[in-house]
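Participant: I'd like to ask some things about the structure below.
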Amino acid sequence: MAEVKVAVVTAGGSGMGAACARRLAADGYAVAILSSSGKGEALAAELGGLGVTGSNQKAEDIAAFVDQVMARYGRIDVLVNSAGHGPRDTITAITDEQWHQGLDIYLMNVIRSVRLVTPVMVAQKGGAIVNISTAWAFEPAAMFPTSAVFRAGLAAYTKIFADTYAADNVRMNNVLPGWIDSLPQTDERRAGVPMGRYGTSAEIAATVAFLASEGAGYITGQNLKVDGGLMRSV
C-alpha cells in the first residue's frame, strides 16, 4: 500500500490557506495546518489531519509545528505558505516597525518554514513548496506597499531556492492571486478585471494543488499569476 503523502499549510485557518488545506485533503493528502486563530485546529479535525495553533511569524511556533508533523507522519511532501495582511499606508508614512512587520508577514514566514522543511524533503528525494504571493509583486500598487515590496523579494528568494534544490527534486513556485473573494468586493475593482469577476479561493487552491502535483514536476522557480487577466506578462 502506498504511503500517504503529507501536506503542510501555514496560516491555513481561513481564506485561501483554508481552501488549499481542503483541496489537498480532497486530493488524498494527510493535512497539517498551522493557524494563529485556532481555526486551523478545527479545520484539521474536520479533515482528519493535524491542527496546531501558533504564528508563522514566530520561529519557535513553526519549529514546534514541524516537529509535531514529523512525529505524527514522519514526512512532508508539500508545504504551502499562506499569509495574513500586513501594514498599509502611504509609502513614506510607513514606520520602521511596520516595515519589519511586513517583512515577517510576507517574506520571513516563508524563509523560516522553508529552512526547516527543506532538509526533510531533500532526505525524501522530493517535495514541493508553494507560496501564496500577490499579483502586485511585479506591478506594485500603492494600496499594498509592504506586500508588493516583500513579495518582490520572495520572487528573488524563490528563484535562488529553485536553482539550489532543483537537483534534489525539491521545487518551489509562487502563486500570484489578484482580486479574490476572500477580500472585500467593489464594483470598481471588478470592472478592472478582464474576466469581469473576482476569483475564488477554490480556484487559487486548485492552482496550488496543481503546482504540488506530479503533473507540475518540471515546474520550479516560477511566479504564476491567477488574476483573471488583471496583470500583463513581464
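Participant: Kindly indicate the residue of the range 153-164 that is farther than 16 Å from P119 by Cβ and free of Cβ contacts under 8 Å to residues at least 24 places away in the same chain and also most open to solvent (accessible area, probe 1.4 Å) among those meeting that condition.
Facilitator: Only one residue tops the list, namely I160.
Participant: Another question, then. So which pairs qualify, if the first residue must be in the range 194-218 and under 13 Å from I180 (Cα atoms), the second must be open to solvent by less than 30 Å² (accessible area, probe 1.4 Å) and part of a helix (DSSP H, G or I), the Cβ gap must be under 7 Å, and the two must be at least 6 apart or on different chains?
Facilitator: Matching pairs, first to second residue: S201/A19; A202/A19; I204/A19; A205/A19; A205/C20.
Participant: Specify the residue that is farthest from A162 (Cα to Cα); the eligible residues are those in the range 185-209 that are of a type in the set (V, I, T) and surrounded by 14 or more Cβ atoms within 10 Å (Cβ to Cβ).
Facilitator: Step by step, filter the range 185-209, then rank; the result is V193.
Participant: Let me ask something else. For the range 165-183, indicate whether the set of residues that are part of a loop (DSSP other than H, G, I, E, B) and buried (at least 22 other Cβ atoms within 10 Å of the Cβ) is non-empty.
Facilitator: Yes, the range 165-183 has at least one match.
Participant: Also: Inspect the range 103-119 for any residue being without any contact (Cβ under 8 Å) to a residue 60 or more places away in the chain and over 21 Å from T10 (Cβ atoms) and give the result as yes or no.
Facilitator: No, every residue in the range 103-119 fails to be without any contact (Cβ under 8 Å) to a residue 60 or more places away in the chain and over 21 Å from T10 (Cβ atoms).
Participant: Still on this structure: With respect to V117, determine if the residue is open to solvent by 40 Å² or more (accessible area, probe 1.4 Å), outside any loop (DSSP other than H, G, I, E, B) and β-branched (V, I, T).
Facilitator: no
Participant: Regarding the range 210-220, can at least one residue be identified that is open to solvent by less than 70 Å² (accessible area, probe 1.4 Å), more than 27 Å from Y29 (Cα to Cα), outside any loop (DSSP other than H, G, I, E, B) and touching a Phe, Trp or Tyr at 6+ places or on another chain (Cβ under 6 Å)?
Facilitator: no
Participant: Okay, next question. Checking E97 against (1) over 26 Å from V226 (Cβ atoms); (2) acidic (D, E); (3) in contact with a strand residue (DSSP E or B) (Cβ under 8 Å, 6 or more places away or on another chain): exactly one of these is not met. Which one?
Facilitator: (3)
Participant: I'd like to know if the range 128-151 contains one or more residues that are buried (at least 24 other Cβ atoms within 10 Å of the Cβ), touching a Phe, Trp or Tyr at 6+ places or on another chain (Cβ under 6 Å), among the hydrophobic types (A, V, I, L, M, F, W, C) and assigned to a strand (DSSP E or B).
Facilitator: no
Participant: Return the residues of the range 100-120 that are more than 17 Å from the chain's Cα centre (by Cα) and farther than 12 Å from S147 by Cβ; say none if nothing qualifies.
Facilitator: Within the range 100-120, H100, P119, V120 qualify.
Participant: Quick one: in the range 23-40, of everything that is within 14 Å of the chain's Cα centre (by Cα) and within 14 Å of A206 (Cβ to Cβ), which residue is most open to solvent (accessible area, probe 1.4 Å)?
Facilitator: R23
Participant: Further, regarding this structure: Just one of (1) assigned to a helix (DSSP H, G or I); (2) within 16 Å of the chain's Cα centre (by Cα); (3) under 16 Å from A83 (Cβ atoms) trips up A202, so point out which.
Facilitator: Against the list (1) assigned to a helix (DSSP H, G or I); (2) within 16 Å of the chain's Cα centre (by Cα); (3) under 16 Å from A83 (Cβ atoms), A202 comes up short only on (3).
Yes/no per residue for (1) buried (at least 24 other Cβ atoms within 10 Å of the Cβ); (2) of a type in the set (A, V, I, L, M):
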| site | (1), (2) |
| --- | --- |
| L50 | no, yes |
| N56 | yes, no |
| A59 | no, yes |
| Y73 | no, no |
| L79 | yes, yes |
| G84 | no, no |
| R88 | no, no |
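The values are calculated or read from the model by the stated rules, or taken from the named source; none is laboratory data. Everything quoted here is computed from the prediction, not taken from an experiment. Backbone-built Cβ (ideal geometry, glycine too); neighbour counts: all protein chains shown. For accessibility, only protein heavy atoms count, side chains too; no ligands or nucleic acids. Shrake-Rupley method; radii C 1.70, N 1.55, O 1.52, S 1.80 Å.
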